[in-house]
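Asker: Have a look at this one.
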């Protein structure tokens, strides 16, 4: 299913990096949102247990700092997931949509990180294709081509296409 999204509609104040959640017994848990270092470590270390991921984001329990060996109770995991989603909703974005043909309501999960990375990869691939075309036509180096403003690269690419050099 293809959905047209205007990402400006999602703009707003960023979520605070630290927040507090209380379990059913009223125990206060200080949490932090994942940062880029966390994401890199998780990718490097491979799939981690849900308890390990949660533990790495817990800063304190009932006002007491937790150590690296701390593991949250299993009963907290689902509630912690909900707490993170509520605190920073764009990390667990779901869109309510309707089928244009039958009007059936559908809840669609939207992975903004994956969409962003896909967009970056597409832009990178397009730029590499442009470099190849310009280097082949003019024998310029990659550094020389990338130093050109985007509008000049586009102009040269149009000239290559118009003259049938591609």
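The values are calculated or read from the model by the stated rules, or taken from the named source; none is laboratory data. Because the structure is a prediction, the values reported are computed rather than measured. Ideal geometry is used to build each Cβ from the backbone, glycine not excepted, and the neighbour counts take in all protein chains shown.
Asker: Quick one: residue 60 ticks every box in (1) assigned by TED's automatic domain parsing to the domain that holds residue 26; (2) without any contact (Cβ under 8 Å) to a residue 60 or more places away in the chain; (3) surrounded by 13 or more Cβ atoms within 10 Å (Cβ to Cβ); (4) out of contact with any strand residue (DSSP E or B) (no Cβ under 6 Å at 6 or more places or on another chain) except a single one, so which number is it?
Answerer: Among (1) assigned by TED's automatic domain parsing to the domain that holds residue 26; (2) without any contact (Cβ under 8 Å) to a residue 60 or more places away in the chain; (3) surrounded by 13 or more Cβ atoms within 10 Å (Cβ to Cβ); (4) out of contact with any strand residue (DSSP E or B) (no Cβ under 6 Å at 6 or more places or on another chain), residue 60 violates only (4).
Asker: Here is a further query. Is it true that some residue in region 11-33 is outside any loop (DSSP other than H, G, I, E, B), modelled with pLDDT under 85 and on the phi < 0 side of the Ramachandran plot?
Answerer: no
Asker: Within region 131-140, is even one residue farther than 30 Å from residue 85 by Cα and either touching a strand residue (DSSP E or B) at 6+ places or on another chain (Cβ under 6 Å) or exposed (fewer than 11 other Cβ atoms within 10 Å of the Cβ) (or both)?
Answerer: Yes, the conditions are met somewhere in region 131-140.
Asker: Identify, from the list 118, 130, the residue that is under 30 Å from residue 39 (Cβ atoms) and under 20 Å from the mean Cα position of the chain (by Cα).
Answerer: None of the others qualify; the one that does is 118.
Asker: Additional query: Looking at region 33-49 only, could you name the residues that are more than 19 Å from residue 78 (Cβ to Cβ) and surrounded by 12 or more Cβ atoms within 10 Å (Cβ to Cβ)? Break it down stepwise before answering.
Answerer: Step one: of region 33-49, the residues more than 19 Å from residue 78 (Cβ to Cβ) are 35-46.
Scanning region 33-49 gives 38, 41, 42.
Asker: Scan region 35-80 for residues that are closer than 20 Å to residue 15 by Cβ, part of a loop (DSSP other than H, G, I, E, B) and in contact with a helix residue (DSSP H, G or I) (Cβ under 8 Å, 6 or more places away or on another chain) and jot them down.
Answerer: Hit for region 35-80 is 57, nothing else.
Asker: Within region 148-158, how many residues turn out to be surrounded by 11 or more Cβ atoms within 10 Å (Cβ to Cβ) and either in a helix (DSSP H, G or I) or touching a strand residue (DSSP E or B) at 6+ places or on another chain (Cβ under 9 Å) (or both)? First the steps, then the outcome.
Answerer: Looking only at region 148-158, we keep the residues that are surrounded by 11 or more Cβ atoms within 10 Å (Cβ to Cβ), and these are 148, 152-157.
Those still in the list that are either in a helix (DSSP H, G or I) or touching a strand residue (DSSP E or B) at 6+ places or on another chain (Cβ under 9 Å) (or both) too: 152-157.
Of the residues in that region, 6 qualify.
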